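Following: one structure in structure tokens, then a few remarks.
The values are calculated or read from the model by the stated rules, or taken from the named source; none is laboratory data. Quick caveat, the model's predicted, so the values are computed rather than measured. Positions of Cβ are generated from backbone atoms using ideal geometry, with glycine treated the same way; all protein chains shown enter the neighbour counts. Ligands, DNA and RNA are stripped out before the accessible areas are found, and what is left, the full protein with its side chains, is counted by its heavy atoms. Shrake-Rupley method; radii C 1.70, N 1.55, O 1.52, S 1.80 Å.
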Amino acid sequence: MLRIRVTGEDLARSRFAISPLWELVKALRLLATPTRRDPATDPWVARARQRFEQVSGNVGVQAVLALQPPGYGADFLSPVPRGVADTIDDLLDAVRSCPTAQARAEISTAMAHRRASEQVREVLARDDVTVLLADALAGCWDTVLAPDWPLLRAVLERDVVHRAERLVSRGWASALDDLHARVRWAHGLIRVDRWRDQDVDLDGRGLLFVPSVFVWPGLAVTLDPPWPPALVYPARGVGALWRSPDEGGPAGPPDALAQLLGRTRAAVLTALDQPASTTQLARVLRQSIGGVGDHLAVLGRAGLVDRARSGRSVLYHRSPAGEALVAAPGAADPLHAR
């Protein structure tokens, strides 16, 4: 079991963050392992397979994958983000500027566990290896992940907002509740089951909590210097990420609520059981972004929906009045919903 000691100073420095580069590296790893099956991400893997084939022959991409042997991943390829606002360009710049000695040490560790072609070994031996690998990742981003990033980011931000609200109202114990079945918080300790037996002191550095779509259903912990300590966990709602409404997506609104607000507007309000962006709502409800935005504006003016900024995005959630309307026992009767 891994035991991470967390002091008051650590808590003050701990925060949530989003890493588009972590998602990219993990997604490439999934795509390059056709025998690995994850029910939550299989639909995305199937639709992204053709995009991946466009870049998989690039020796730089092969070098990136060579640095991801089972049970290990070179940390310099996915540097820890500073918060929710870091962009893919910010993180790729961090890869390019990684000290050569650090990159070489991690490359050596990875290659001790994996065979690679002579071409790949030549790339990994170059003096400008970090620049070459960052450029390869940039090409993969544009081709493989960028088309889906608005939806993926919305899922990750939704998780961060959910946990941030818990943190503010009820503290860290509540924010970390249901983070992962293997993670427990108690008496100043974060315990991670089924991990090597290890005791870790954060020494005032804090811990970064990073939700991920592609780590599901697993867990990742980064504790080795010089990288900041980070715990990567599955974001909420990944299981329904690619489902359409007729494949088990959100149920339609109650008839009475639909009569009161209109069916589409009621569907928007019903879908906001957790904070969501306009992009995510549009995808889930199969509506245009502009149309969903118009309905959110009306619901906002009626006091049924509130909005909050998360990084560069705006997430919407039901107001107390909106919650009461959706939950009202009289929702089954239009007369009681007036």
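Worth a mention:
- Residue check for Gln54: more than 30 Å from Leu315 (Cα to Cα) and either without any contact (Cβ under 8 Å) to a residue 60 or more places away in the chain or open to solvent by less than 60 Å² (accessible area, probe 1.4 Å) (or both): no
- Condition check for Gly290: over 20 Å from His162 (Cβ atoms) and assigned to a helix (DSSP H, G or I): yes
- Candidates Val120, Val144, Val160, filtered to the one that is in contact with a Lys or Arg (Cβ under 8 Å, 6 or more places away or on another chain), among the β-branched types (Val, Ile, Thr) and not in a loop (DSSP other than H, G, I, E, B): Val144
- The residues listed here are Trp149, Trp141; of these, the one that is over 22 Å from Leu208 (Cα atoms) and surrounded by 14 or more Cβ atoms within 10 Å (Cβ to Cβ) is Trp141.
- Of all residues in the stretch 283-302, those satisfying the criterion of being over 19 Å from Gly322 (Cα atoms) and either open to solvent by less than 20 Å² (accessible area, probe 1.4 Å) or β-branched (Val, Ile, Thr) (or both) are Val284, Ile289.
- Considering residues of the stretch 257-282 that are β-branched (Val, Ile, Thr) and closer than 18 Å to His317 by Cβ only, the residue least open to solvent (accessible area, probe 1.4 Å): Val268
- Odd one out for Ala267 among (1) at pLDDT 85 or above; (2) under 23 Å from Leu152 (Cβ atoms); (3) within 24 Å of the chain's Cα centre (by Cα): (3)
- Test for Arg114: is it basic (Lys, Arg) and either farther than 16 Å from Val61 by Cα or assigned to a helix (DSSP H, G or I) (or both): no
Quick grid of which residues meet (1) of a type in the set (Lys, Arg); (2) more than 29 Å from Glu157 (Cα to Cα); (3) out of contact with any Phe, Trp or Tyr (no Cβ under 8 Å at 6 or more places or on another chain); (4) touching a residue at least 24 places away in the same chain (Cβ under 8 Å):
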residue: Pro70; (1), (2), (3), (4): no, no, yes, yes
residue: Pro79; (1), (2), (3), (4): no, no, no, yes
residue: Arg96; (1), (2), (3), (4): yes, no, yes, yes
residue: Ala101; (1), (2), (3), (4): no, yes, yes, no
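- Filtered by the rule that a residue be assigned to a helix (DSSP H, G or I) and of a type in the set (A, V, I, L, M), the stretch 125-141 gives Val129, Val131, Leu132, Leu133, Ala134, Ala136, Leu137, Ala138.
- Considering the stretch 201-256, and only residues there that are acidic (Asp, Glu) and at pLDDT 75 or above, the residue that is surrounded by the most Cβ atoms within 10 Å (Cβ to Cβ) turns out to be Asp255.
- Evaluation of Ala17 against (1) buried (at least 21 other Cβ atoms within 10 Å of the Cβ); (2) over 30 Å from Leu176 (Cβ atoms) (one fails), failing number: (2)
- Of residues in the stretch 163-181 being open to solvent by 40 Å² or more (accessible area, probe 1.4 Å) and in a loop (DSSP other than H, G, I, E, B), the one farthest from Ala85 (Cα to Cα): Ala181
- Residues satisfying the stated conditions in the stretch 58-84, i.e. under 18 Å from Ser117 (Cα atoms) and open to solvent by 60 Å² or more (accessible area, probe 1.4 Å): Asn58, Gln62, Pro70
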